[in-house]
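Here's the structure we're looking at; comments come further down.
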Amino acid sequence: MRTKHPMCCRQRPRFGGLALALALFLPSAQASASSAADLPPLPALPALPAPVVEDPNSIRVLLSPELETTLVSQMVGRIAELKASLGAKVEKGQTIVGFDCAEANARLRMAQAEHAAARETLSVKRRLLKLNAAGDTEVALARAEADKSAAAIEVARVQLELCTVAAPFDGRIVKIHVKPHQGVNVGAPLVELVSDGPLKLRLNVPSRKLRDLRIGTPIVVDIIETGGSYPAKITAINARVDAVAQTIELEARLDDAIPELLPGMSGIARLPAGGRGQ
C-alpha cells in the first residue's frame with residue numbers, strides 16, 4: 001500500500017482557505033471601487049494669498065490735538081447754565097458752564113460788611129490813641145481785624161469766580177459729562193475740549209531710521225478716514241530709544257489746519273527712503 005506524505009495532507013487546506021478568502025474579498029473590493037467612483041470629486045483647495053511685504057518706510061500714525069483738557073468743577077453747586085454741545089466751537093474765555101452763585105454772592109457781601117466794620121473800628125482806635133484813650137495794642141488788634149476782613153473779601157471773590165467755567169483756549173467740545181440743573185461735587189468732570197489748529201502726529205519708528213530723520217524732516221501722511229494725503233514735518237524726537245522694541249517715538253505736525261481732519265483719525269506716514277531730510 002502507498003503511504004501519503006504528511007506535508008501533502010497539511011498543505012491542501014491552506015490553498016483551499018486562500019482561494020476562499022480571495023473569493024470573498026474580490027466582490028467587496030469591486031463594490032468599494034465602484035462606490036468610490038460614484039462619489040463627487042473633492043473641491044479644489046483655495047490658492048494661498050501672496051505674502052504681504054510691508055514698506056519699512058511706512059509707519060502707522062495717530063492724529064492728536066495740540067492741546068486737550070477736561071474741565072472739572074472746583075466747587076459744590078448746581079449747574080444753572082450749560083453752553084455746550086458736541087462739536088461746537090468755543091473761544092478762549094467763553095463761559096461754558098455756570099453755577100448757581102447766590103450763596104457765593106451772599107458770602108462776598110457779608111465779607112464786605114465785616115471789612116467796613118473793621119475799618120471803622122480801626123479809625124476809632126487811632127483817634128482814641130491820639131487822645132491817649134487807647135493803647136498801641138488796641139490799635140494793632142484793630143488793624144489785624146481789618147486786614148483779616150480784607151482777606152475774607154478776596155476769598156469770597158475767588159469763590160465767586162469759580163461759579164463760571166470758561167474755555168482756556170480756542171477749540172471744540174468733544175464730550176459733555178453733565179446736564180443742566182445737575183448738582184456736582186468738587187472735581188467732577190464737566191466738559192472735554194480739544195484745541196483748534198494743525199494736528200499733531202504720534203508715531204513710533206524703528207530706531208535704525210534715526211540716521212535718516214531730524215527735526216524738520218518732511219513726511220507725507222495718508223489718512224485712512226479721508227483717503228487723502230497731507231504734508232507734515234517732524235517736530236520732536238524722543239530722547240530715549242525703547243530698548244525692547246528698538247523703536248523711538250516721534251511727533252510731527254501737519255503743515256496746515258485742515259477742517260476735514262479730526263483728532264483720533266489714523267493713517268500711514270511715509271518717511272524718507274534714505275538720506276537726511278532737509
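The values are calculated or read from the model by the stated rules, or taken from the named source; none is laboratory data. None of the values given here were measured: they were computed from a predicted structure. In this analysis, Cβ positions are derived from the backbone assuming ideal geometry, glycine residues included, and neighbour counts consider all displayed protein chains.
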Practice item. Confirm whether A50 is modelled with pLDDT under 95, within 38 Å of the chain's Cα centre (by Cα) and loosely packed, with under 14 Cβ neighbours inside 10 Å. Key: yes
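Scan the stretch 124-139 residue by residue and report those that are in a helix (DSSP H, G or I) and either surrounded by 12 or more Cβ atoms within 10 Å (Cβ to Cβ) or among the charged types (D, E, K, R) (or both). Lay out the reasoning, then the answer.
Taking the stretch 124-139 as the starting set, the residues that turn out to be in a helix (DSSP H, G or I) are 124-130, 136-139.
Once the filter is applied, which keeps residues that are in a helix (DSSP H, G or I) and either surrounded by 12 or more Cβ atoms within 10 Å (Cβ to Cβ) or among the charged types (D, E, K, R) (or both), the stretch 124-139 yields V124, K125, R126, R127, L128, L129, K130, D136, E138, V139.
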Point to revise | Which numbered condition R211 misses (of (1) more than 23 Å from G87 (Cβ to Cβ); (2) within 23 Å of the chain's Cα centre (by Cα); (3) among the charged types (D, E, K, R)) | key: (2)
Review point. L250 versus (1) in contact with a helix residue (DSSP H, G or I) (Cβ under 6 Å, 6 or more places away or on another chain); (2) surrounded by 15 or more Cβ atoms within 10 Å (Cβ to Cβ): which is the lone unmet condition?
Key: (1)
Study note, to complete from the structure: Among residues of the stretch 89-105 being surrounded by fewer than 16 Cβ atoms within 10 Å (Cβ to Cβ) and touching a Lys or Arg at 6+ places or on another chain (Cβ under 7 Å), the residue farthest from T164 (Cα to Cα) is K89
Exercise for review: Among residues belonging to the stretch 58-88 that are surrounded by 15 or more Cβ atoms within 10 Å (Cβ to Cβ) and of a type in the set (S, T, Y), point out the one that is farthest from E260 (Cα to Cα).
Suggested key: S73
Check your understanding: Of the residues L190, L108, which is surrounded by 16 or more Cβ atoms within 10 Å (Cβ to Cβ) and either within 20 Å of the chain's Cα centre (by Cα) or under 30 Å from P231 (Cβ atoms) (or both)?
Key -> L190
Check your understanding: Among (1) of a type outside the set (A, V, I, L, M); (2) out of contact with any strand residue (DSSP E or B) (no Cβ under 8 Å at 6 or more places or on another chain); (3) on the phi < 0 side of the Ramachandran plot, where does G227 come up short?
Key -> (3)
Check your understanding: Looking at (1) within 25 Å of V76 (Cβ to Cβ); (2) surrounded by fewer than 16 Cβ atoms within 10 Å (Cβ to Cβ); (3) among the β-branched types (V, I, T), which is the one condition that is false for V165?
Key -> (2)
Review point. Does the stretch 242-261 include one or more residues that are more than 30 Å from I96 (Cα to Cα), of a type in the set (D, E, K, R), assigned to a helix (DSSP H, G or I) and over 20 Å from the mean Cα position of the chain (by Cα)?
Key: no
Exercise for review: Pull up the stretch 166-213, narrow it to residues that are small (G, A, S) and in contact with a Gly (Cβ under 9 Å, 6 or more places away or on another chain), then point me to the one that is farthest from K233 (Cα to Cα).
Suggested key: G183
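Could you check, for the stretch 149-169, whether at least one of its residues is closer than 23 Å to V61 by Cα, touching a residue at least 40 places away in the same chain (Cβ under 8 Å) and β-branched (V, I, T)?
Residues of the stretch 149-169 that are closer than 23 Å to V61 by Cα, as a first pass: none.
Scanning the stretch 149-169, I find no residue that is closer than 23 Å to V61 by Cα, touching a residue at least 40 places away in the same chain (Cβ under 8 Å) and β-branched (V, I, T), so the answer is no.
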